[in-house]
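Student: One structure, pasted below without further comment.
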Amino acid sequence: MSKFKEIISAEVPTLVDFYATWCGPCKTLHPTLDELKKHFGNKIRILKIDVDKNQSLAEQMKIRGVPTLILFKNGEKLWRESGAMPLNQLISVLKQHIS
């Protein structure tokens, strides 16, 4: 948990993907996140967290469904959404928070 807090407290925005290996929409989101990283480069960090292996963190973050994406910057939650999203929609949302 302390490592997680350290990561999301960074000045670089961190998009956290709470996922599960058995989740179909999570699998379809994976290539989208790869493209997102290519699009934004070092302006964003993407962190994938398996909810089955990190149950206490998922509980603390009130993850009720997967995938759930949460954007953090300087430890502050800027945006949160559950469900897979198309790349162009994700880019549009993230542009609002990434300089």
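Student: Please give the helices (runs of 4 or more DSSP H) falling wholly within segment 1-87 in which 3 or more residues are among the charged types (D, E, K, R), more than 15 Å from His97 (Cα to Cα) and more than 10 Å from the chain's Cα centre (by Cα). Let's see the steps before the verdict.
Tutor: Numbers: elements: 2-8, 24-40, 55-60.
In segment 1-87, the matching helices (runs of 4 or more DSSP H) lie at 2-8, 24-40.
Student: Run down Ile98, Ile63 and say which single residue is touching a residue at least 60 places away in the same chain (Cβ under 8 Å) and on the phi < 0 side of the Ramachandran plot. Give the steps one after another, and end with the answer.
Tutor: Numbers: Ile63 fails: touching a residue at least 60 places away in the same chain (Cβ under 8 Å).
Just one listed residue meets the conditions, Ile98.
Student: Which one is farthest from Pro13 (Cα to Cα), of the residues in segment 28-39 that are touching a helix residue (DSSP H, G or I) at 6+ places or on another chain (Cβ under 8 Å) and surrounded by fewer than 17 Cβ atoms within 10 Å (Cβ to Cβ)?
Tutor: Restricting attention to segment 28-39, the residues satisfying the condition of being touching a helix residue (DSSP H, G or I) at 6+ places or on another chain (Cβ under 8 Å) are 32, 35-36, 39.
Checking the rest, the ones that are also surrounded by fewer than 17 Cβ atoms within 10 Å (Cβ to Cβ) come to 35, 39.
On the way: Glu35: 16, His39: 14 Å.
Top of the filtered list is Glu35.
Student: Could you tell me which residue of segment 90-99 is modelled with the lowest pLDDT, considering only residues that are of a type outside the set (Val, Ile, Thr) and under 14 Å from the mean Cα position of the chain (by Cα)?
Tutor: Filtering segment 90-99 down to residues of a type outside the set (Val, Ile, Thr) leaves 90, 92, 94-97, 99.
Pick out the ones that are also under 14 Å from the mean Cα position of the chain (by Cα) and you get 90, 94, 97.
Working: Leu90: 95, Leu94: 94, His97: 87.
So the residue we want is His97.
Student: Just the residues that are in a loop (DSSP other than H, G, I, E, B) and either hydroxyl-bearing (Ser, Thr, Tyr) or exposed (fewer than 12 other Cβ atoms within 10 Å of the Cβ) (or both), please, taken from segment 88-99. Steps first, please.
Tutor: So the first thing to find is which residues in segment 88-99 are in a loop (DSSP other than H, G, I, E, B), and the list is 96-99.
Residues satisfying the conditions are Gln96, Ser99.
The values are calculated or read from the model by the stated rules, or taken from the named source; none is laboratory data. Because the structure is a prediction, the values reported are computed rather than measured. All Cβ positions, glycine included, derive from the backbone under ideal geometry; neighbour counts span all protein chains shown.
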